[in-house]
Amino acid sequence: MKQEYVHYLSDTVKDLQPSGIRKFFDLASSMEGVISLGVGEPDFVTPWNVREAAILSLEQGFTSYTANPGLLELREEISKYLNTRFSVDYHPADQIIVTIGASQGLDLAFRTILNQDDEVLIVEPAFVAYAPLVSVAGGKPVAISTSPENGFKVTPEQIEEKITGRTKAILLSSPNNPTGSTLNKQELEKIAEIVERYDLLVVSDEIYAELVYEDEPYTSFAAIDGMYERTILLNGFSKGFAMTGWRLGILAAPKELVEVMLKIYQYTTMCAPHMLQHGAIEALRNGYHEVEAMRASYRRRRNYMVQMLNQIGLSCHNPGGAFYVFPSIRSTGLTSEQFAEELLREEKVAVVPGHVFGESGEGYIRCSYATSMPQLQEALKRMQKFIKAKSLV
Ligand code: PLP
């Protein structure tokens, strides 16, 4: 930034760092023949019937604003969906907002609940947007580190240790990006006890809830006894329905919170794109079998990645969900940044160094398996060559 602009900037954003993932994308896209395991989005195109519904909506001239929280018809479908899939009951009229991705849901949640220096506990390694969004809203992100020994799961004791008089909320994300770790019902119940005891809120990022590969059914934090009133639930269409570019998310919460969030939303956003909301209605009405097919495909690829990474000497825990594996590269003696950079330059495989997801991510790399099986096979071959050539393990 040119020096003369610096004094115009707000103190809050001055220190904001660009996402560490971007840097690797930019480097990878300037090179030929790169296999990218860096992207955090499905390799599937949105199912045709969903695209067709949006096209039809345009043809029919649905180009106006909608109600601020989204088309009532869509909120009704979302309400049914959340109820059928996750056994949570949100009223379409006043408890649901169709956001611009879960990203905006996070922003709305923090801006609504945080006063200056209020603390939000973030389980790390974590999605790169969490801490910056808390900071932009005036809050203080407080990291809780996890490790593979514990399946990258946070324990109630770890949470309790970090609670202070300023703690306002815990941000939970199950399945987690980048580790893929999931929290089951019993684990969530133990966290709920702490939430209750310290009178906290929970921002529950459930954007990967459709991409869970264990037999155990997925449990939404809002479905845990006593937690409905304390949860701001975020979900959306990006990951499970392969609709990242549509920018459609779901926020569901107690109506008193939604009412306040809607005030911010109406001034900043007005509404989600009308024609795309018609696509989302179709996704919820007739798109679920495609979600199941995509999930089955990710599960096969997860199994392959975990097996192969362990085989080539990069110890990798078996993630329960999302589409990432997070193997350790400690045995190589390289930092995660060195590993990612050298792997990209020498073997043209792009992965994300773990430290961008928080301090406890150092020593790991994130590999997305949302890419075709032949690409994954080739990437693994190149990684093995890279490790062997350097006699790293
Ligand atoms: N939450 C997590 C954990 C993510 O990984 C992502 C995207 O990568 C998002 C939220 C943002 O999702 P959306 O596309 O709905 O904004």
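The values are calculated or read from the model by the stated rules, or taken from the named source; none is laboratory data. Treat the numbers as computed from the prediction; the structure is a model and nothing was measured. Every residue, glycine among them, receives a Cβ derived from its backbone with ideal geometry; neighbour counts consider all protein chains shown. Note: areas computed on protein heavy atoms with side chains; ligands, DNA, RNA excluded. Shrake-Rupley method; radii C 1.70, N 1.55, O 1.52, S 1.80 Å.
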*Answer yes if at least one residue in region 117-129 is out of contact with any Cys (no Cβ under 6 Å at 6 or more places or on another chain), free of Cβ contacts under 8 Å to residues at least 40 places away in the same chain and assigned to a loop (DSSP other than H, G, I, E, B), and no otherwise.*
no
*If a residue has to be open to solvent by 20 Å² or more (accessible area, probe 1.4 Å), hydroxyl-bearing (Ser, Thr, Tyr) and over 19 Å from Tyr369 (Cβ atoms) to count, how many in region 30-57 make the cut?*
1
*For region 265-275, what are the residues that are open to solvent by less than 40 Å² (accessible area, probe 1.4 Å) and either among the aliphatic types (A, V, I, L, M) or more than 14 Å from Thr99 (Cα to Cα) (or both)?*
Ala272
*Do the conditions hold for Ala209, that is, is it crowded, with 22+ Cβ neighbours inside 10 Å, within 12 Å of the ligand (Cβ to nearest atom) and within 26 Å of Gly151 (Cα to Cα)?*
yes
*Which condition number does Thr244 fail, the rest of (1) outside the structural domain of Pro175 (by TED's automatic domain parsing); (2) closer than 20 Å to Ser174 by Cα; (3) of a type outside the set (Gly, Ala, Ser); (4) surrounded by fewer than 22 Cβ atoms within 10 Å (Cβ to Cβ) being met?*
(1)
*Restricting the search to region 168-220, which residues are more than 22 Å from the chain's Cα centre (by Cα) and either outside any helix (DSSP H, G or I) or at positive phi (or both)?*
Tyr198, Asp199
_As an exercise: evaluate Phe25 against (1) farther than 30 Å from Tyr324 by Cα; (2) open to solvent by less than 70 Å² (accessible area, probe 1.4 Å) and give the number of the one condition it does not meet._
(1)
*Being open to solvent by 10 Å² or more (accessible area, probe 1.4 Å) and over 17 Å from Glu378 (Cα atoms) is the filter here, so list the residues in region 343-362 that pass it.*
His355, Val356, Gly358, Glu359, Ser360, Glu362
_I'm told Asn310 meets every condition in (1) touching a Cys at 6+ places or on another chain (Cβ under 9 Å); (2) in contact (Cβ under 8 Å) with a residue 60 or more places away in the chain; (3) away from the ligand (no atom under 16 Å from the Cβ) except one. Can you identify the failing condition by its number?_
(2)
*Condition met for Tyr65 (modelled with pLDDT of 95 or more, among the hydroxyl-bearing types (Ser, Thr, Tyr), away from the ligand (no atom under 16 Å from the Cβ) and open to solvent by less than 20 Å² (accessible area, probe 1.4 Å))*: no
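Considering only region 326-350, how many residues are touching a Gly at 6+ places or on another chain (Cβ under 7 Å) and within 16 Å of Ile21 (Cβ to Cβ)? Talk me through it step by step, then tell me what you get.
To start, the set of residues in region 326-350 that are touching a Gly at 6+ places or on another chain (Cβ under 7 Å) comprises 326, 328-331, 336, 348, 350.
Narrowing the set further to residues that are within 16 Å of Ile21 (Cβ to Cβ) leaves 326, 336, 350.
So the answer is 3.
Would you please name the residue that is nearest to Ala280 (Cα to Cα), looking only at residues in region 95-116 that are within 16 Å of the ligand (Cβ to nearest atom) and not in a helix (DSSP H, G or I)?
Val98
Every residue, every condition in (1) surrounded by fewer than 17 Cβ atoms within 10 Å (Cβ to Cβ); (2) within 10 Å of the ligand (Cβ to nearest atom); (3) more than 21 Å from Pro42 (Cβ to Cβ); (4) aromatic (Phe, Trp, Tyr), yes or no:
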residue	(1), (2), (3), (4)
Leu233	no, no, yes, no
Lys239	no, yes, no, no
Ala252	no, no, yes, no
Glu259	yes, no, yes, no
